[in-house]
Structure formats: C-alpha cells, structure tokens
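What follows is a set of notes on a single structure, which appears directly below.
Only the coordinates and a few stated rules stand behind these numbers; no lab work does. A quick note: this is a predicted structure, and the numbers were derived from the prediction, not measured. Heads up, the Cβs are rebuilt from the backbone with ideal geometry, glycines too, and the neighbour counts pull from every protein chain shown.
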Amino acid sequence: MALHSYTPQNKSRVADHCSVIWIWYLAMYNLVNSLGLNVAVRASEIGHVGKIVSCRSVISRFVSEHGVLLCRHRKCSSKAIFTNNECSDPSQDLSSVIKQVELTTNNGAGIMQCSKVKVLLIEKSLALKALVSNEGPAVHHARLGSVVHVKADKATSKDEKTKNSQEVEVQLQVDELLKRTKSSIENASDPKPYEDIEFIEESRDKKREKTELVGALRPNALDWKPQHVNIWKLGSQYSSLAKDRLTGLVVLTAMAGYAMAPGPFDPVTFVCCSVGTGFTSSAANTINQFFEVPYDSQMDRTRNRILVRGLLTPFHAMCFATVCSILGVGILNYGANGYAAGLGALNLFLYTSVYTPLKRISIVNTWVGSVVGAIPPLIGWVGSSGGLETGAWIMAGILYTWQFPHFNSLSWNLRPDYSRAGYRMMSVTNPRMCKAVALRHSIGMITICTLAPVLGVTTWTFAVDSLPFNGYLTYLAWRFYKDGDSKSSRKLFMFSLIHLPAILMLLIISKNHGKRKDDDVAPKDMMPNKVNLVSLSQDSLENVR
Amino acid sequence: MMLRLPYTKVTTLHVPGRNLGTAVSVYAHHKTKRKETSDSPDIDPQKEKCDCIGPPDPLSNIRVYKYYVPPDETDLECRYRIARTETQEWNQKFWTHHNSKFKKMKEEFIQKKLREKYGDDLNMRKTLSAEEMSQFYKRFLDDHRHIHMEYNKEWYRRNFHDLYLAAKVWLEQKLKTRR
C-alpha cells in the first residue's frame, strides 16, 4: 500500500483550513475490493483524519472557497490535501455513494501529482467505533455525514484509469458497515435474488489477517466466580429458571380457557387457576432445565441459562421445582377443582418425563410438545365449568395446531446447533416433512376456526374475522414450504407470535353467550348436566382430595 | 428458614472476616476481590470457602467447577464432591471429543461440497446454502444417534445420582446443625 504523507506547498491555505475539522472514515481493504474500488490505504500511511461537520458544507465550502480539502491526522499530524473538481454542484445528492476526487500529492521530489481517487460516502450515523491499528484501517467517530477516502495503491495506480469506475448506489448506515462490511455491501449493492447462504469461503489474503495480541488473556479468563447465593438476585434467577416469558404465555392461555368456559366468572377461582398454572409451568420448566444442562451449554440460544452458568446448584433448582409443583397443583386443587389439578399434574409429567427425554430420541417429541401446549386452556376451562365441553376441545385444538408452524419455523434456523447437541428435530432429520407439517397445520387452523361456530362455541363472526390471520399464516407457511430458507422461517415464526394472541382475543369476544347463567329460562344447552357440573365444581372446592 | 445448601454462601449472613451489612456492599467486595485475582486468573476455592465456576471451555463448552474442600469434610460430602468431579470430567471428555469431531467432519464436508460445486475455480465467490449444509447436519445426527443415546442414559444416571447425594448431604448438614 502506498505511503502518502505530504507537506503542503502553500502553508497559508493549510492554516486557513486548520480550523476546519473533519472526520474521515477509512475504508477497509475488503470493503474497497468488494466495491470494485481499486484503492485502499493504511491508516498510519494516509495520515489524515478530521471531522466532517456535514458532507454538504464540507464539499460546498471545499468547492466554493478553495477547492481543496485538508485533513490533519490528530496523532501523527501528517497532512494531505485533496482537490475535488467533480462536486461542483452543492445541491448534489450526497447520498450517492462513490465520488471521484482528485488527489494532489507530493511525491517527495517537490512535484505535485494529481491522481483521481474514489471516495465512498456513508450516510449519517451515530455509531462510535474507535479502532486504531498500524496495519489495519482506522475508523473514527462521526456524528454526522462522513466521507470515506480511499487511495490508489502504488502498484495498481497505473491500471487505475483502465479500471472500470462504475458508481454504485449503496445506502448503508455506518454501524451496519462496520459490523459486516463485506456481506452488507454485497447484499446492498448486488441485484442478485436473496440467497440463503450459510457458508462463504473467505479468500486467503495475508493483508487481511487479524492482528494478534501477544500475551493477552482470553476474554473470559477472568470469569471465575464463587458460587454464592445472592438473595437479592434470587427472584430474577427463579424467574429465569421458570422461563418467565413462556410461563406468562401459558398462564394467558389458561386464562383464555377460563374466560371461554360457560361457568360464571368467579374471581377467586380465576386467580387460583392462573396462579396454579403458573406455578406448575414454572416447576416443569425448571425440571426441564435441570435435565438439559450439558446440552444447553452447547447451543448459543441457551448457554446463558442459570444452571449452565452455575448461579444456582442443581439441588437448589430442584427444591424450587418441587416447591412450585406442590404449590401449583395444590392451588389448582383447592382453588379450582380436582380435574384442573389432575390436568396440571398430567401436564407436568408429560413435559418433564415424556417430552424432555423424547427430544433426544425421536421426532415424535414435537407432537407431544404440542399436546403439552394444548392442555393449559383445558385447565382454565375445567377450573371454570368443571367439565370438558366442546369448546374446550376447540381451544385445545387451536393451541395444538398452532404449535407446529410456531415450532417448525423456530427450529429451522437452529439446525446446526440441534445437530451438534444431538436433538432429534424434524427440521434436521426430515426438512421436507418439517415444512409440510407446518403448512398442513396452518390449513388445519382454518378448519378449526370454521368449526367453532358450527359447533356453537362461538358466533359466526369468529370464522370471518379469524380468516385474515389464518389466511396470512397459511400464506407464510406456504412460502416457508416453497422457499425453505431462513427468511421465510423467521417471518412465519414472528407472525405466529402475533397470531395466537389475536386468535385467542377474537375467540373470547366472539364467545357464544347463548347459555347465560342468569337466564331464568332453562338454557337450551349442549351440556345437559351443566348445572350439575357447576355444583360439582362447588363441591369439589370443599370435598375433593 | 434459610435454605442452607452445601457450600453455597448466602450473602447477608454473618460470615467471619467479611464486610457485611447489605448484600450490595458484599457484592462490591466481591467485585474488588475479583480484581485482585486478575493477576492470576485462577480463583482459589479454599480462599473463597465455596465452589467456584469458571468460564466455558472453548472446546467442550462445559464450564469447569473447582470444588471446595472444607476442613471438616465428612465421608458423604467427600463422596458427593468426587461424584461431581467425575461427572464433570466425563462431560468434558465427551463434549471435547464430540465437538472436535463435528468440526472436522463439517470442514471435510464443506471442502468436498465446494469442490463438487465449483471445481477448481479459484476466483469465484464460493458459497454453500443452508440447504446444502443441512445434508451434513442430518447425516451427522443420524450417524451419531447411538452415541447420543448412550450419553443420554449415562448423563441421566449421573445427574440423578449427584442430586441424590446432594439431598443426602443437605440432610446431613441439617441434622448436624440441629444437634
């Protein structure tokens, strides 16, 4: 790479510009190459850094006043001057990225040389990145617009004019640029269609070898921690053990089940159902984490879990799980009824003793997991009405079918981790089936939501207003089936997170209230012994053990 | 009732020699303590008087524990500590071997695939899509199914054994303090 340090001929001009401070971004070599620019420069050699107040003002001032651009490197104070004869129009859109500017340099023999260099403009960004190294590029802080200066390599400067200097419109934020220069430039500038690339062979280039720190400790070498129980953190640690977000969603589905059930709304039973389900779910999640410590430590997604990091001992976690499960099932039993407690215990057993081991044995685990997800609304329902009517099964069916597009799309991007850690998931062992199942169940979702009014669980409005959501879900599942790449899987997963709460909400507001408790007329109901069931639930509050 | 668990220290209790009061100040104390040990990155469980956990091993991704040997260790506590140490070593060995095998086989697969796809062309930008890589992942998972099953069984057995010993140790401690 060329060394261009320069002592200006006319000092007065330099002095004038000394008060102007600019910041330059110096492009990385690979960035430069990938843009088709044939120039790059080393920070120590280029020797100029400044702060750009604004692109516009710099260029216009630059053009109007003296037609030169001066920079002085803060550290080594070497200077360089550039002339830009191209940006004559101040109103020019400076977001177009590559400009050619003329560089005037002194080659040491007192002769001023003019050569054209390409300058890469980057949009405004607030990113701060301070890397200074002798070998690599130097990147400096810019609060405002910035100009990247690239210079001709001495060796290739001769071919510079023959090279095709095509301007490329590349809109990039600085932080994006600094994060993944090569891929972000390529993705932005390349008109090729989206490719689901997992591996890119990096060209072996000596100049791009990273600088080695000699005698440095590994970044986490200081991370030895004593295993203390910090009382103040215990609450949040217990929440992570219980996978609080997941538990919250499970409790919401149980509440939805309670709301949909035909019994009267009893706040005590409602709270007991929710809290009981919450505790049971926490216990199940904790036991799951206890079983999977070495596997979780292998996968990126789970390596910061409490037991993996050793913040609590396994015995402590299991004590917590035991307490939670006793509390959960107990609250369900005495607060709601025996059936709810039974279902809660069943769910706990299914999740910990069937689903968790099965994850490593066969792909059937996905189906078992879907059943586990379908049980909480049943718990809520049973807690309210004391029996499992058609509506309960509709809700369970909705939750069951929802799990497939949700989980299959999530697991699609985790294939490398699953494969190494030894989890048997459809996405790894049978990708075609994975996509087909997701699509099939999205269509099944439409069927169930149409069935709900037919069976009298909701009014007909539910079938109509759930159609957009289910339709879009099916469309995304179809795209996932067809494309089978990370983009479509992520879209499907994200939408499934919105889809379920929306459907549950619509379900509740379209609830068929035709059998209201406060009607004096005997309700014509699908459940002939509803009254008995209600009294049964009252009895069970007192008697069931 | 304070949940006293084997060799885990509860902050805010009266531990001799430490500046107490609030957990915050103890925590700050630990922070400075860590700084002191930065010259030698290894922490000494004997000084800390409890077990210490380290960073994840770069090859096996398992965190290494250093177990504390109290001066009055009973036979049961000794067995518990040895069981945990053995489990840790077994885990380390397995995952180091497994991960390096994965890495090696992945590299071989990539090279083979690239050669198949691009031939010996040096100038092209060579990429492999997720679909192509998924063939490797499926094959690796299927080939190692038996190994994983054996590991699972052994891991569950060891895990429950360690839990059982932990419960016994806790019970023994409770009975000791009650007396």
> Got a sec? Charge dipole of the stretch A:225-330, +1 on Cβ for Lys and Arg, -1 for Asp and Glu; which of A:Val229, A:Val329, A:Gly276 is way out at the positive end?
Replying inline: A:Val229
> Counting Lys +1, Arg +1, Asp -1, Glu -1, what net charge surrounds A:Phe291 among other residues with beta carbon under 14 Å of its beta carbon?
Replying inline: +3
> What pairs from A:Lys482/B:Lys112; A:Lys435/A:Lys487; A:Lys491/B:Lys117; A:Lys225/B:Lys101; B:Lys101/B:Lys153; A:Lys225/B:Lys49 go past 23 Å between their alpha carbons?
Replying inline: A:Lys482/B:Lys112; A:Lys491/B:Lys117; A:Lys225/B:Lys101
> To the nearest Å, what is the center-to-center distance of the stretch B:82-129 and the stretch A:264-334, using C-alpha atoms only?
Replying inline: 35 Å
>> Give me the net charge for the shell around A:Asn430: Cβ to Cβ below 11 angstrom, other residues only, Lys and Arg +1, Asp and Glu -1.
In response: +3
> Which net charge results for the neighbourhood of A:Asn408, defined as the other residues with beta-carbon distances under 11 angstrom from its beta-carbon, given Lys and Arg at +1 and Asp and Glu at -1?
Replying inline: +2
